[in-house]
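Below: one structure, written as C-alpha coordinates.
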Amino acid sequence: MTEPARLRLSNPDARRLFLHRHALCDSGPETPGKAGLMALIRRLGFVQVDSIATVERAHHMILSARRRSYRPAQLAPLLERDRALFEHWTHDASLIPSEFFPHWRPRFARDRERLAGAYRSWQGDFAHRFDDVLEHIRRHGPAQAREMATEDETRTGEMWSWTPSKTAVEFLWRCGELAVCSRSGFQKRFDLAERVIPPEHFDPHPSREDTVDWACRGALDRLGFATSGEIAAFWATVTPTEARDWCAARLAAGEIEEVEIEGVAGPPRRAYAWPGLDEAAAAAPPAPGRLRVLSPFDPALRDRKRAERLFGFFYRIEIYVPAPKRRWGYYVFPLLEGDRLVGRIDMKRRAGRLEVSALWPEAGVAFGKGRLARLEAELTRVARFSGCEDVAFLDGWLRPPGHPPDPAG
(Lines give C-alpha, C1' and ligand atoms only; values in the text may rest on other atoms or scores of the structure.)
Protein backbone atom coordinates (compact mmCIF):
# COMPACT_ATOMS: atom_id res chain seq x y z
CA MET A 1 0.00 0.00 0.00
CA THR A 2 1.43 3.35 -1.05
CA GLU A 3 1.85 5.87 1.77
CA PRO A 4 0.21 9.27 1.22
CA ALA A 5 2.51 12.05 0.09
CA ARG A 6 3.83 14.17 2.94
CA LEU A 7 4.40 17.88 2.93
CA ARG A 8 8.13 18.60 2.57
CA LEU A 9 9.49 21.80 4.05
CA SER A 10 12.65 23.18 2.47
CA ASN A 11 15.63 23.87 4.67
CA PRO A 12 15.44 27.69 4.28
CA ASP A 13 11.73 27.62 5.17
CA ALA A 14 12.37 25.31 8.11
CA ARG A 15 15.12 27.57 9.47
CA ARG A 16 13.01 30.68 9.13
CA LEU A 17 9.98 29.11 10.83
CA PHE A 18 12.11 27.62 13.60
CA LEU A 19 13.81 30.95 14.34
CA HIS A 20 10.46 32.73 14.26
CA ARG A 21 8.99 30.31 16.80
CA HIS A 22 12.02 31.02 18.99
CA ALA A 23 11.39 34.79 18.78
CA LEU A 24 14.53 35.46 16.75
CA CYS A 25 12.80 36.93 13.68
CA ASP A 26 10.99 39.87 15.28
CA SER A 27 12.00 43.24 13.88
CA GLY A 28 9.07 45.51 14.81
CA PRO A 29 8.63 47.65 17.92
CA GLU A 30 8.87 45.89 21.26
CA THR A 31 5.96 45.66 23.65
CA PRO A 32 7.20 47.82 26.52
CA GLY A 33 7.58 47.02 30.20
CA LYS A 34 6.85 43.91 32.21
CA ALA A 35 3.99 42.90 29.93
CA GLY A 36 6.31 42.69 26.96
CA LEU A 37 8.96 40.73 28.88
CA MET A 38 6.40 38.25 30.23
CA ALA A 39 4.91 37.83 26.75
CA LEU A 40 8.36 36.91 25.45
CA ILE A 41 8.95 34.36 28.22
CA ARG A 42 5.53 32.79 27.64
CA ARG A 43 6.29 32.60 23.94
CA LEU A 44 9.55 30.78 24.62
CA GLY A 45 7.91 28.65 27.32
CA PHE A 46 10.75 29.11 29.81
CA VAL A 47 14.22 30.63 30.13
CA GLN A 48 17.10 28.45 31.30
CA VAL A 49 19.00 29.73 34.33
CA ASP A 50 22.75 29.31 34.58
CA SER A 51 25.34 30.66 37.00
CA ILE A 52 28.26 31.15 34.59
CA ALA A 53 28.80 34.83 33.83
CA THR A 54 31.89 35.17 31.63
CA VAL A 55 29.99 38.03 29.97
CA GLU A 56 26.51 37.87 31.54
CA ARG A 57 24.40 34.99 32.86
CA ALA A 58 22.64 32.81 30.30
CA HIS A 59 19.07 33.83 31.16
CA HIS A 60 19.91 37.47 30.67
CA MET A 61 21.68 36.84 27.36
CA ILE A 62 18.78 34.74 26.06
CA LEU A 63 16.35 37.60 26.67
CA SER A 64 18.76 40.29 25.46
CA ALA A 65 19.25 38.51 22.11
CA ARG A 66 15.51 38.97 21.46
CA ARG A 67 14.77 42.24 23.22
CA ARG A 68 17.20 45.09 22.74
CA SER A 69 15.71 47.11 25.59
CA TYR A 70 16.14 44.26 28.08
CA ARG A 71 18.31 44.84 31.15
CA PRO A 72 19.14 42.21 33.80
CA ALA A 73 17.44 44.16 36.59
CA GLN A 74 14.06 43.68 34.88
CA LEU A 75 13.83 39.93 35.47
CA ALA A 76 14.06 39.42 39.23
CA PRO A 77 10.89 41.42 40.11
CA LEU A 78 8.80 39.05 37.97
CA LEU A 79 9.91 36.18 40.24
CA GLU A 80 10.38 37.89 43.59
CA ARG A 81 7.65 40.54 43.69
CA ASP A 82 5.01 39.81 41.05
CA ARG A 83 5.24 36.00 41.39
CA ALA A 84 4.65 35.82 37.64
CA LEU A 85 7.49 33.29 37.32
CA PHE A 86 8.59 30.28 39.32
CA GLU A 87 11.90 28.45 39.17
CA HIS A 88 12.09 24.74 38.56
CA TRP A 89 13.42 22.18 36.09
CA THR A 90 12.69 21.57 32.45
CA HIS A 91 15.76 19.98 30.86
CA ASP A 92 17.65 22.15 33.35
CA ALA A 93 16.89 24.80 35.96
CA SER A 94 14.61 27.38 34.35
CA LEU A 95 12.32 30.32 34.99
CA ILE A 96 8.77 29.33 34.01
CA PRO A 97 5.49 31.31 33.91
CA SER A 98 3.59 30.68 37.16
CA GLU A 99 0.39 29.77 35.33
CA PHE A 100 2.19 26.63 34.14
CA PHE A 101 2.81 25.46 37.74
CA PRO A 102 -0.14 23.01 37.90
CA HIS A 103 1.33 21.06 34.99
CA TRP A 104 4.57 20.51 36.94
CA ARG A 105 2.85 18.36 39.57
CA PRO A 106 3.62 15.09 37.71
CA ARG A 107 7.25 16.24 37.48
CA PHE A 108 7.29 16.84 41.25
CA ALA A 109 5.98 13.33 41.88
CA ARG A 110 8.45 11.80 39.43
CA ASP A 111 11.39 13.68 40.96
CA ARG A 112 10.35 12.59 44.46
CA GLU A 113 10.54 8.95 43.44
CA ARG A 114 13.65 9.27 41.27
CA LEU A 115 15.77 11.49 43.51
CA ALA A 116 15.10 9.89 46.89
CA GLY A 117 17.36 6.95 46.21
CA ALA A 118 19.90 8.91 44.16
CA TYR A 119 20.40 11.59 46.81
CA ARG A 120 20.63 9.03 49.59
CA SER A 121 23.27 7.01 47.74
CA TRP A 122 25.77 9.86 47.68
CA GLN A 123 24.64 12.16 50.49
CA GLY A 124 23.50 9.67 53.13
CA ASP A 125 20.42 10.12 55.25
CA PHE A 126 18.69 13.46 54.73
CA ALA A 127 14.97 12.61 55.12
CA HIS A 128 15.19 13.17 58.89
CA ARG A 129 15.61 16.88 58.15
CA PHE A 130 12.34 17.29 56.19
CA ASP A 131 10.09 18.20 59.11
CA ASP A 132 12.68 20.51 60.68
CA VAL A 133 13.29 22.35 57.41
CA LEU A 134 9.59 22.83 56.71
CA GLU A 135 8.89 23.93 60.27
CA HIS A 136 11.80 26.40 60.22
CA ILE A 137 10.51 28.06 57.06
CA ARG A 138 6.90 27.93 58.23
CA ARG A 139 7.80 29.76 61.46
CA HIS A 140 10.64 32.04 60.39
CA GLY A 141 9.91 32.72 56.74
CA PRO A 142 12.12 32.43 53.65
CA ALA A 143 15.62 31.07 54.16
CA GLN A 144 18.68 29.81 52.35
CA ALA A 145 19.72 26.21 52.88
CA ARG A 146 22.81 27.18 54.85
CA GLU A 147 20.67 29.04 57.38
CA MET A 148 18.96 25.79 58.35
CA ALA A 149 22.05 23.67 58.95
CA THR A 150 22.54 22.40 62.48
CA GLU A 151 25.83 22.70 64.34
CA ASP A 152 26.53 18.98 64.21
CA GLU A 153 26.09 18.63 60.43
CA THR A 154 29.17 17.83 58.41
CA ARG A 155 29.74 17.84 54.70
CA THR A 156 30.19 14.49 53.03
CA GLY A 157 33.08 15.46 50.78
CA GLU A 158 31.21 13.98 47.82
CA MET A 159 29.62 15.67 44.82
CA TRP A 160 28.75 19.22 45.89
CA SER A 161 29.50 18.47 49.57
CA TRP A 162 25.92 19.06 50.62
CA THR A 163 24.92 18.82 54.26
CA PRO A 164 21.78 16.82 55.13
CA SER A 165 19.89 20.12 55.48
CA LYS A 166 21.02 21.33 52.07
CA THR A 167 20.06 17.99 50.52
CA ALA A 168 16.66 18.08 52.21
CA VAL A 169 15.98 21.63 51.00
CA GLU A 170 16.92 20.83 47.40
CA PHE A 171 14.85 17.64 47.51
CA LEU A 172 11.78 19.44 48.88
CA TRP A 173 12.19 22.07 46.17
CA ARG A 174 12.42 19.48 43.42
CA CYS A 175 9.29 17.80 44.85
CA GLY A 176 7.30 21.05 44.81
CA GLU A 177 6.93 21.52 48.57
CA LEU A 178 9.32 24.47 48.60
CA ALA A 179 9.72 27.17 45.97
CA VAL A 180 12.45 29.67 45.18
CA CYS A 181 11.19 33.07 46.27
CA SER A 182 14.35 35.11 45.62
CA ARG A 183 18.09 34.90 45.10
CA SER A 184 20.93 36.60 46.92
CA GLY A 185 23.82 36.72 44.47
CA PHE A 186 23.06 33.39 42.87
CA GLN A 187 22.07 31.61 46.09
CA LYS A 188 18.45 30.47 46.21
CA ARG A 189 16.13 31.55 49.02
CA PHE A 190 13.20 29.22 49.66
CA ASP A 191 9.70 29.52 51.07
CA LEU A 192 6.73 27.18 51.25
CA ALA A 193 5.38 26.72 47.74
CA GLU A 194 1.85 27.70 48.77
CA ARG A 195 3.20 31.07 49.97
CA VAL A 196 5.11 31.72 46.73
CA ILE A 197 2.86 30.50 43.91
CA PRO A 198 -0.32 32.62 43.54
CA PRO A 199 -3.40 30.69 44.70
CA GLU A 200 -5.01 30.71 41.26
CA HIS A 201 -1.98 28.78 39.98
CA PHE A 202 -1.20 26.72 43.10
CA ASP A 203 -4.68 25.32 43.73
CA PRO A 204 -5.58 23.63 40.39
CA HIS A 205 -4.77 19.92 40.05
CA PRO A 206 -5.25 19.03 36.36
CA SER A 207 -5.56 15.39 35.39
CA ARG A 208 -2.57 13.56 34.00
CA GLU A 209 -4.30 13.44 30.60
CA ASP A 210 -4.83 17.21 30.63
CA THR A 211 -1.18 17.81 31.51
CA VAL A 212 0.06 15.52 28.73
CA ASP A 213 -2.19 17.26 26.22
CA TRP A 214 -1.13 20.72 27.45
CA ALA A 215 2.57 19.84 27.33
CA CYS A 216 2.51 18.22 23.89
CA ARG A 217 0.46 21.00 22.31
CA GLY A 218 2.63 23.67 23.85
CA ALA A 219 5.83 22.01 22.71
CA LEU A 220 4.63 21.57 19.14
CA ASP A 221 3.42 25.19 19.05
CA ARG A 222 6.86 26.45 20.09
CA LEU A 223 8.94 24.10 17.96
CA GLY A 224 6.86 24.36 14.77
CA PHE A 225 7.71 20.77 13.82
CA ALA A 226 9.07 17.96 15.98
CA THR A 227 9.38 14.24 16.55
CA SER A 228 7.59 12.73 19.53
CA GLY A 229 10.96 12.55 21.32
CA GLU A 230 11.56 16.26 20.76
CA ILE A 231 8.06 17.01 22.04
CA ALA A 232 8.72 15.01 25.21
CA ALA A 233 12.10 16.70 25.74
CA PHE A 234 10.80 20.25 25.38
CA TRP A 235 9.36 20.65 28.90
CA ALA A 236 10.67 17.31 30.24
CA THR A 237 7.39 16.94 32.14
CA VAL A 238 5.94 14.08 30.06
CA THR A 239 7.57 10.78 29.23
CA PRO A 240 8.65 9.74 25.72
CA THR A 241 5.92 7.08 25.77
CA GLU A 242 3.24 9.63 26.66
CA ALA A 243 4.40 11.95 23.87
CA ARG A 244 4.49 9.09 21.38
CA ASP A 245 0.98 7.99 22.32
CA TRP A 246 -0.29 11.57 22.12
CA CYS A 247 1.17 11.98 18.62
CA ALA A 248 -0.35 8.70 17.48
CA ALA A 249 -3.79 9.65 18.80
CA ARG A 250 -3.72 13.17 17.36
CA LEU A 251 -2.47 11.83 14.02
CA ALA A 252 -5.31 9.29 13.87
CA ALA A 253 -7.78 12.06 14.69
CA GLY A 254 -6.41 14.26 11.89
CA GLU A 255 -5.31 17.02 14.28
CA ILE A 256 -1.64 16.78 13.31
CA GLU A 257 0.14 15.44 10.25
CA GLU A 258 3.43 13.88 9.34
CA VAL A 259 5.80 16.12 7.39
CA GLU A 260 9.34 15.94 6.04
CA ILE A 261 11.91 18.54 7.05
CA GLU A 262 14.96 19.15 4.88
CA GLY A 263 18.27 19.64 6.62
CA VAL A 264 21.44 21.12 5.19
CA ALA A 265 22.54 17.60 4.22
CA GLY A 266 21.21 14.10 4.13
CA PRO A 267 17.67 12.84 3.60
CA PRO A 268 14.64 14.76 4.92
CA ARG A 269 13.60 13.90 8.46
CA ARG A 270 10.08 12.97 9.42
CA ALA A 271 8.34 15.06 12.05
CA TYR A 272 4.88 16.04 13.24
CA ALA A 273 3.28 19.43 12.68
CA TRP A 274 -0.06 21.15 12.83
CA PRO A 275 -1.84 21.28 9.45
CA GLY A 276 -0.82 24.24 7.31
CA LEU A 277 2.88 24.10 8.09
CA ASP A 278 3.80 25.39 4.64
CA GLU A 279 1.49 28.39 5.11
CA ALA A 280 2.95 29.07 8.57
CA ALA A 281 6.47 28.94 7.13
CA ALA A 282 5.55 31.28 4.28
CA ALA A 283 4.05 33.75 6.76
CA ALA A 284 7.10 33.74 9.04
CA PRO A 285 9.13 36.95 8.63
CA PRO A 286 12.75 36.76 7.55
CA ALA A 287 15.33 36.90 10.30
CA PRO A 288 16.88 40.36 10.76
CA GLY A 289 20.19 40.77 8.99
CA ARG A 290 21.98 42.07 12.05
CA LEU A 291 24.53 39.87 13.73
CA ARG A 292 23.63 38.57 17.21
CA VAL A 293 25.56 36.86 19.99
CA LEU A 294 23.65 33.85 21.38
CA SER A 295 24.10 32.19 24.73
CA PRO A 296 25.40 28.60 24.59
CA PHE A 297 22.13 27.78 26.41
CA ASP A 298 19.88 29.61 23.97
CA PRO A 299 16.65 27.63 23.38
CA ALA A 300 17.29 27.66 19.63
CA LEU A 301 20.53 25.74 20.29
CA ARG A 302 19.71 23.55 23.27
CA ASP A 303 19.11 20.57 20.94
CA ARG A 304 22.60 20.42 19.46
CA LYS A 305 21.68 17.74 16.93
CA ARG A 306 18.75 19.75 15.61
CA ALA A 307 20.98 22.81 15.22
CA GLU A 308 23.42 20.71 13.25
CA ARG A 309 20.67 19.34 10.98
CA LEU A 310 18.96 22.69 10.35
CA PHE A 311 21.95 25.02 10.27
CA GLY A 312 24.95 22.78 9.63
CA PHE A 313 26.41 24.14 12.87
CA PHE A 314 28.31 21.74 15.11
CA TYR A 315 28.44 23.09 18.65
CA ARG A 316 29.45 21.62 22.00
CA ILE A 317 30.10 23.64 25.13
CA GLU A 318 33.57 22.95 26.53
CA ILE A 319 33.34 24.10 30.16
CA TYR A 320 33.83 20.49 31.32
CA VAL A 321 36.60 19.74 28.80
CA PRO A 322 40.20 20.04 30.11
CA ALA A 323 41.83 23.16 28.68
CA PRO A 324 44.41 21.32 26.52
CA LYS A 325 41.63 19.36 24.83
CA ARG A 326 39.35 22.29 23.96
CA ARG A 327 38.90 23.17 20.30
CA TRP A 328 37.52 26.66 20.87
CA GLY A 329 37.42 27.70 24.52
CA TYR A 330 35.82 27.47 27.93
CA TYR A 331 32.62 29.38 27.08
CA VAL A 332 32.25 30.27 23.42
CA PHE A 333 29.22 32.14 22.04
CA PRO A 334 27.56 31.24 18.70
CA LEU A 335 26.98 34.09 16.24
CA LEU A 336 23.65 34.33 14.39
CA GLU A 337 23.30 36.45 11.26
CA GLY A 338 19.95 36.31 9.51
CA ASP A 339 19.07 32.62 9.41
CA ARG A 340 22.70 31.43 9.46
CA LEU A 341 25.05 30.60 12.30
CA VAL A 342 28.21 32.20 10.94
CA GLY A 343 30.77 31.61 13.66
CA ARG A 344 31.60 31.49 17.34
CA ILE A 345 33.37 33.98 19.55
CA ASP A 346 35.44 33.58 22.72
CA MET A 347 35.09 36.64 24.94
CA LYS A 348 34.73 37.65 28.57
CA ARG A 349 34.45 40.60 30.89
CA ARG A 350 37.78 41.68 32.30
CA ALA A 351 38.50 44.88 34.24
CA GLY A 352 35.50 46.72 32.84
CA ARG A 353 36.15 45.73 29.23
CA LEU A 354 34.66 43.13 26.92
CA GLU A 355 37.77 41.23 25.88
CA VAL A 356 37.60 39.26 22.62
CA SER A 357 40.30 36.61 22.38
CA ALA A 358 39.13 34.64 19.33
CA LEU A 359 36.50 34.48 16.61
CA TRP A 360 36.21 31.41 14.40
CA PRO A 361 34.12 32.00 11.25
CA GLU A 362 32.30 28.98 9.88
CA ALA A 363 33.73 27.45 6.72
CA GLY A 364 32.93 29.62 3.72
CA VAL A 365 32.10 32.70 5.83
CA ALA A 366 34.29 35.74 5.30
CA PHE A 367 34.37 38.57 7.82
CA GLY A 368 34.79 41.46 5.43
CA LYS A 369 34.19 45.13 6.10
CA GLY A 370 30.38 44.90 6.26
CA ARG A 371 30.22 41.86 8.53
CA LEU A 372 32.95 43.25 10.79
CA ALA A 373 30.94 46.45 11.14
CA ARG A 374 27.87 44.42 12.16
CA LEU A 375 30.00 42.45 14.61
CA GLU A 376 31.38 45.64 16.14
CA ALA A 377 27.87 47.05 16.53
CA GLU A 378 26.70 43.88 18.29
CA LEU A 379 29.73 43.68 20.57
CA THR A 380 29.26 47.32 21.53
CA ARG A 381 25.66 46.51 22.46
CA VAL A 382 26.71 43.44 24.45
CA ALA A 383 29.42 45.41 26.23
CA ARG A 384 26.96 48.11 27.25
CA PHE A 385 24.42 45.48 28.31
CA SER A 386 26.96 43.64 30.49
CA GLY A 387 28.33 46.79 32.13
CA CYS A 388 31.58 47.09 30.16
CA GLU A 389 33.00 50.40 29.07
CA ASP A 390 34.42 49.25 25.73
CA VAL A 391 35.50 46.30 23.59
CA ALA A 392 39.11 45.11 23.38
CA PHE A 393 40.35 42.77 20.63
CA LEU A 394 43.42 40.71 21.52
CA ASP A 395 46.15 40.04 18.98
CA GLY A 396 45.25 37.30 16.54
CA TRP A 397 41.59 37.30 17.54
CA LEU A 398 40.21 36.74 14.00
CA ARG A 399 40.98 33.14 13.11
CA PRO A 400 40.84 31.42 9.71
CA PRO A 401 37.39 30.14 8.64
CA GLY A 402 36.52 26.55 9.51
CA HIS A 403 36.97 24.43 12.58
CA PRO A 404 40.35 24.16 14.33
CA PRO A 405 41.86 20.69 14.64
CA ASP A 406 40.40 18.52 17.37
CA PRO A 407 43.09 18.17 20.12
CA ALA A 408 41.52 14.86 21.15
CA GLY A 409 42.34 13.49 17.72
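The values are calculated or read from the model by the stated rules, or taken from the named source; none is laboratory data. What you see is a predicted model, and the numbers here were worked out from it, not measured in a lab. Cβ placement follows ideal geometry from the backbone for every residue including glycine, while neighbour counts extend to all protein chains displayed. Side chains are part of the model used for accessible areas, which takes the heavy atoms of the whole protein and leaves out ligands, DNA and RNA. Shrake-Rupley method; radii C 1.70, N 1.55, O 1.52, S 1.80 Å.
Quick rundown of the values:
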quantity: Convex hull per residue volume in Å³, alpha carbons only, for the stretch 94-246; calculated: 133
quantity: Efficiency of FRET from Cβ geometry, Ser121 and Lys34, R₀ 35 Å, rounded to 0.05; calculated: 0.25
quantity: Kirkwood Rh and Cα Rg combined as Rg over Rh, evaluated for the stretch 345-384; calculated: 1.00
quantity: Å³ per residue enclosed by the Cα convex hull of the stretch 1-113; calculated: 192
quantity: Per residue value of the accessible surface for the stretch 1-106 (all protein chains in place, 1.4 Å probe), Å²; calculated: 40
quantity: Label-point separation in nm, Asp92 to Ser207, each point 7 Å along Cα→Cβ; calculated: 3.7
quantity: Lysine pair count for the chain [Cα-Cα under 26 Å; pairs on different chains or 8 or more apart]; calculated: 6
quantity: Glu99/Phe186 FRET efficiency (R0 22 Å; Cβ-Cβ; nearest 0.05); calculated: 0.30
quantity: Sequence of Tyr320, Tyr272 when ordered by accessible area, the most exposed leading, probe 1.4 angstrom; calculated: Tyr320, Tyr272
quantity: Share of pairwise Cα separations in the stretch 221-372, more than 19 Å, in percent; calculated: 64
quantity: Lys/Arg +1, Asp/Glu -1 at C-beta; the chain dipole; positive extreme among Leu277, Ala249, Gly266; calculated: Gly266
quantity: Net charge contributed by nearby residues that have their C-beta within less than 10 Å of Glu99 (K/R +1, D/E -1); calculated: 0
quantity: Extended-chain gain in nm, criterion 0.36 nm per residue less alpha-carbon gap, Arg138 and Glu113; calculated: 6.6 nm
quantity: Cα extents of the stretch 334-409 along the three principal axes, largest first (Å); calculated: 37, 30, 20
quantity: Separation between Cα centres of the stretch 98-121 and the stretch 49-77, rounded to whole Å; calculated: 27
quantity: Positive-end residue, the chain charge dipole about Cα centroid, Cβ charges, pick of Ala232, Pro324, Ala39; calculated: Pro324
quantity: Net dipole in debye of the chain [+1 Lys, Arg Cβ; -1 Asp, Glu Cβ; about Cα centre; nearest 20]; calculated: 1240
quantity: The chain - Rg (one decimal) and Dmax (whole number), Cα, Å; calculated: 22.7, 73
quantity: The stretch 302-369 versus the stretch 15-41: alpha-carbon centroid distance in Å; calculated: 23
quantity: Packing-based order for 124-130, 67-73, 214-220, using average beta carbon neighbours within 10 Å, highest first; calculated: 214-220, 124-130, 67-73
quantity: Cα-based equivalent ellipsoid of the stretch 234-296: semi-axis lengths in Å, sorted from largest, via gyration tensor; calculated: 27, 18, 13
quantity: Overall Cα dimensions of the stretch 199-282, principal axis frame, Å, largest first; calculated: 48, 26, 25
quantity: Value in Å of the Kirkwood radius, where the stretch 4-43 supplies the Cα pairs that are averaged; calculated: 12.2
quantity: Once the Cα gyration tensor of the stretch 54-120 is diagonalised, semi-axes √(5λ) in Å; calculated: 28, 15, 10
quantity: Protein-only accessible surface order, largest first, of Lys166, Lys348 at 1.4 Å; calculated: Lys348, Lys166
quantity: Length-normalised contact order for the stretch 105-238 - Cα pairs under 8 Å, 6+ apart - percent; calculated: 24
quantity: Surface share of carbon and sulfur [accessible, 1.4 angstrom probe, percent] for the chain; calculated: 52
